[in-house]
Amino acid sequence: MTIRLSRTGLAADGQGPLAAFVTFVDTVLRGVGQVMLQNNSYAGLLFLAGVFYNSPLFGSAVLLGAATSTATARLLAAEPAQLRAGLFGFNGALVAVALMYFLQPGVLTWAVVIFAAAASSVLMAAMLTLMKVWKAPVLTAPFVFTTLCVFLATARFGRLQSTDQLPTAGLPHAVTVEGVVTGSTVVEGLLSGVAQVFFQASPITGGLFLAGLLVSSRQAGAAALAGSLIGLMVAWGMGAAEPAIRAGAFGFNAALTAIALASVFFRPGVATLAYAVLGAVAATVAYAALSAALAPLGMPALTLPFVVVVWVFVLAAPAFSRLQRVAED
Amino acid sequence: MTIRLSRTGLAADGQGPLAAFVTFVDTVLRGVGQVMLQNNSYAGLLFLAGVFYNSPLFGSAVLLGAATSTATARLLAAEPAQLRAGLFGFNGALVAVALMYFLQPGVLTWAVVIFAAAASSVLMAAMLTLMKVWKAPVLTAPFVFTTLCVFLATARFGRLQSTDQLPTAGLPHAVTVEGVVTGSTVVEGLLSGVAQVFFQASPITGGLFLAGLLVSSRQAGAAALAGSLIGLMVAWGMGAAEPAIRAGAFGFNAALTAIALASVFFRPGVATLAYAVLGAVAATVAYAALSAALAPLGMPALTLPFVVVVWVFVLAAPAFSRLQRVAED
Amino acid sequence: MTIRLSRTGLAADGQGPLAAFVTFVDTVLRGVGQVMLQNNSYAGLLFLAGVFYNSPLFGSAVLLGAATSTATARLLAAEPAQLRAGLFGFNGALVAVALMYFLQPGVLTWAVVIFAAAASSVLMAAMLTLMKVWKAPVLTAPFVFTTLCVFLATARFGRLQSTDQLPTAGLPHAVTVEGVVTGSTVVEGLLSGVAQVFFQASPITGGLFLAGLLVSSRQAGAAALAGSLIGLMVAWGMGAAEPAIRAGAFGFNAALTAIALASVFFRPGVATLAYAVLGAVAATVAYAALSAALAPLGMPALTLPFVVVVWVFVLAAPAFSRLQRVAED
């Protein structure tokens, strides 16, 4: 067996358990990389390092989740190319870290994490069928729906307890401007906006994530930073609460949207750039809207704004001749 | 005219009003049977007997609803094969029994029942077109949406009053384990879980429903019982409230999901069995989640968890080569 | 350059800025006309007159919104025939008037109006792709989703303040019959029901809208009046609150549904007529249901009931051989 290093990760030639193991590890890392749309195991490794830096517990959850959902897809014999690209790993990774973040740890919680990560692979497969009709990507929708389903179930299941990170259920109401945005708000918010993709409100974790993106694609790294900045500026301009801006709450959906629109789905160009900026602004408004819409349920918006806005902008593209979609794989 | 007994129901040869009447009755009974996915008028008759045993009022509602929605589809000249298989009857049957269960009886309520049962046929036709794109079944989605629409409308229409069976609108909140599950909880919950498909919390009705399933398909009967048991065990293990477990609240969606996945849509086998078990567990969690999600509206989840989980598992199947879909009719 | 008057609007032959301007104005007016499904700039002009009669502020908003969304679509090089028919104008027109009606005016609000009107064109393009699979129309769905998104965002954005026209968030609850319906309720409600399509509760505005419809299509005018009447009668019969009936709240969705089903999508005939009546009744119940469903968010139902009901009735039609769809353009 020989292990080769390619531009995007490891490849093990030959057969046997060791080759299978190396391939599995590389697939899991690509799964972590796909959380920010990078089919790249070096990016995955740096994302993992960023999460571990902030919290070994959350880092372990990311690994377990990505491994479980990837293994489930293998067991059910999913399409090999999609599997190998990490497409059955990123939802499991996010499901696991979100459940550990919002639920109190315990044996039952870990069992639920494994079940939910496995279920996210079934949902991923279902949504691949669903979206194929429009040649649109599934994005992190399976993560969002699986996670919300488990969180909502805590209202019926007495042995599943949420942490105080989950918002308290309440009716949405008008707000006034709260707090003053300073230079430190902007710097912290900018990097935390990237870190929040994995629910880590740490600027250093955000920096490691950016490093991972830059290793995989310079455009993706630039787009993430620009997206987080756009989210922050829009939130500031519209009078969002300063602590939320500082924590990067308005950045992660805009960052993911900018990565997707500016560096993944469309050919570079002026129209693409303008479209991506419009998308990042829309994702910020959509984050405000969806987090308010979920307030009566006490549920977080997660990456749903990113999913919805990218769906809209990808579906809209065929009508606009100035935009050119990157050829499907 | 001769009337023949086939393995699945009656068939009237020849023409004339009597033959038309026999065909209509058989079609309505198949409609009742299709509530648990059985194109079988004997099963429909036993289901009807089960409901009448518990309540003649609800039994009459089932008959009226199935007849109204079937007649509406005939009037609009729906596709004959689908009509004859009872596909335009089961939603009307469920709409009618749900409205009578959750609304106060009266002339206006009966008029609303007839209108809603008719509307459910239009919605059924729409969803057949919608789901054809993915070759996915419509299931009881038209029933769920029609019924929720009428229940929600009571908040604007002063002459439509709900019974106290409808949950009070309230924000979801954390719960603790309530009550102790005993042997009688398990036995009652198991059978009531099957009976709740028609909103009847009666173990004897559940037994009659099982008899109807066994007449039509032994696998379906076994799947219903196993599904109800899985729902009960998951709810118990997760710490759901004992009264809800006893009443079968966590059983009916899991039972329907098990029938669909294990005995209707996939060829038997180990992978199918594992898939159906995963589906029944998912349906139980989805029931907890969706009933919490509808809490601020004071709405019941009805069979929405079953619908959503079976859609996901049917749409996911093409990606998993171990699962073989039963050929479309 | 010569300007010709056709049966449905202006056409400028030749090139140059003036011809382009005349074409743009005519396109914007068709966009206003398409709010009630009329590809007719005279109808658009009369609708505009109706809004201006009631409020110059709202009239200006309609013009600005239609112009912005049309210009956005042109910038992105949308499909010329759809653009020219006003299909990228009506959502922007409605977005703008709804935002001005429900938000406090100010520089930021006007900026949001322009951004939202532009975004509605992207959403329109996305939904054209989405619905093409079923050959179903997009209707005013982009308006509804864009507008609700901005309204919901006010719960996070301190500089965006709603007016007291927006309902207060509250849980839905049972109601009793409120007020007495008199002759003046019926007359006012009938005309206001048509006027409410643009959020104008003025009988005279409703009359001008009817004039616009009659200029474009006598069937459309008759359908709008009949639809508004059906909505009013159903609401009255079911015990809705008298002030809401008088204001036309139960009329506008039924009126739009009647226009769509009776005069736009199906060939005239008895089955079509019965179908349209059923649709108008369903739209009225759906309005009650959706406005209750959105109550915990404090959001208005806007024209969502019309959109949902027409989708269902258009998707259902292929199953019913008595109904004949008008050929696609």
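The values are calculated or read from the model by the stated rules, or taken from the named source; none is laboratory data. Since we're looking at a predicted model, the values are computed, not measured. Quick reminder, even Gly has a Cβ in these numbers, built from the backbone with ideal geometry, and neighbours come from all protein chains shown. For the accessible areas, the whole protein counts, side chains as well, though only heavy atoms, and no ligand, DNA or RNA atoms are used. Shrake-Rupley method; radii C 1.70, N 1.55, O 1.52, S 1.80 Å.
Annotations
- Partner shielding of B:308-319 amounts to 6, given as the average count of beta-carbon atoms from other chains within 10 Å of each residue beta-carbon.
- Rel. contact order, % - alpha carbon contacts under 8 angstrom, at least six apart, segment C:140-221: 13
- Probing with 1.4 Å while keeping every protein chain in the model, the per residue accessible area of segment B:44-138 equals 34 Å².
- Net charge of Cβ neighbours under 13 Å - reference A:Val175; Lys, Arg +1; Asp, Glu -1: 0
- Chains A and C, summed buried accessible surface - 1.4 Å probe, Å², nearest 100: 3100
- Relative contact order of chain B, defined on C-alpha pairs under 8 angstrom at six or more residues apart (%): 16
- Restriction of the trypsin sites (Lys or Arg not before Pro) in segment A:1-48 to DSSP coil positions whose beta-carbon has at most 14 other beta-carbons within 10 angstrom yields A:Arg7.
- A DSSP coil position with no more than 14 other Cβ atoms inside 10 Å describes the following trypsin sites (Lys or Arg not before Pro) in segment B:70-143: B:Lys135.
- When the Cα positions of B:Val144, B:Thr23, B:Val133 are compared along the charge dipole of chain B, B:Val133 comes out farthest toward the positive end, with charges on each C-beta of Lys, Arg, Asp and Glu.
- Placing unit charges on the Cβ atoms only, positive for Lys and Arg and negative for Asp and Glu, gives chain B a dipole magnitude near 540 debye about its Cα centre.
- Per-residue mean of foreign Cβ neighbours for C:293-300 is 6 (Cβ atoms of other chains, 10 Å radius).
- Chain A, accessible surface, carbon-and-sulfur percent (1.4 angstrom probe): 67
- Cα centroid separation, segment A:37-92 to segment B:258-277 (Å): 28
- Residue among B:Val197, B:Gly298, B:Val309 farthest towards the positive dipole end of chain B, charges placed on Cβ: B:Val309
- From helices alone, chain B scores -20500 deg cm²/dmol at 222 nm; the rule is -39500 (n - 2.57) for each run of n ≥ 4 DSSP H residues, then divide by the residue total.
- When +1 charges are put on Lys and Arg Cβ atoms and -1 charges on Asp and Glu Cβ atoms, the dipole computed for segment B:169-329 relative to its Cα centre reaches about 320 debye.
- For B:Thr23, the label point sits 7 Å beyond Cα toward Cβ; its separations from the matching points on the remaining copies run 5.8, 5.8 nm, from shortest to longest.
- Mean sequence separation of contacting Cα pairs (under 8 Å, at least six apart), scaled by the length of segment A:169-329, corresponds to a relative contact order of 25 percent.
- Size of electric dipole in the protein assembly as shown: Cβ of Lys, Arg +1 and of Asp, Glu -1, about Cα centre, debye, nearest 20: 1600
- Of interest is the spacing of the C-alpha centroids, which for segment B:180-199 and segment C:98-167 amounts to 47 Å.
- Count Lys and Arg as plus one, Asp and Glu as minus one, and take only other residues whose Cβ is under 11 Å from that of A:Arg267; the net charge is then +2.
- Average accessible area per residue (Å²) across segment A:202-329 - probe 1.4 Å, nucleic acids and ligands excluded: 32
- Here's how it looks for A:Phe266: its modeled amide H is under 5 Å from those of A:Val326, which are all 5 or more places away or on a different chain.
- Spherically averaged projected area of the protein assembly as shown from its Cα convex hull (nm²): 39.7
- Counting charges near C:Thr27 (Lys, Arg +1; Asp, Glu -1) among other residues having Cβ under 11 Å from its Cβ returns a value of +2.
- The mean number of partner chain beta-carbon atoms within 10 angstrom of a residue's beta-carbon across peptide B:119-127 is 6.
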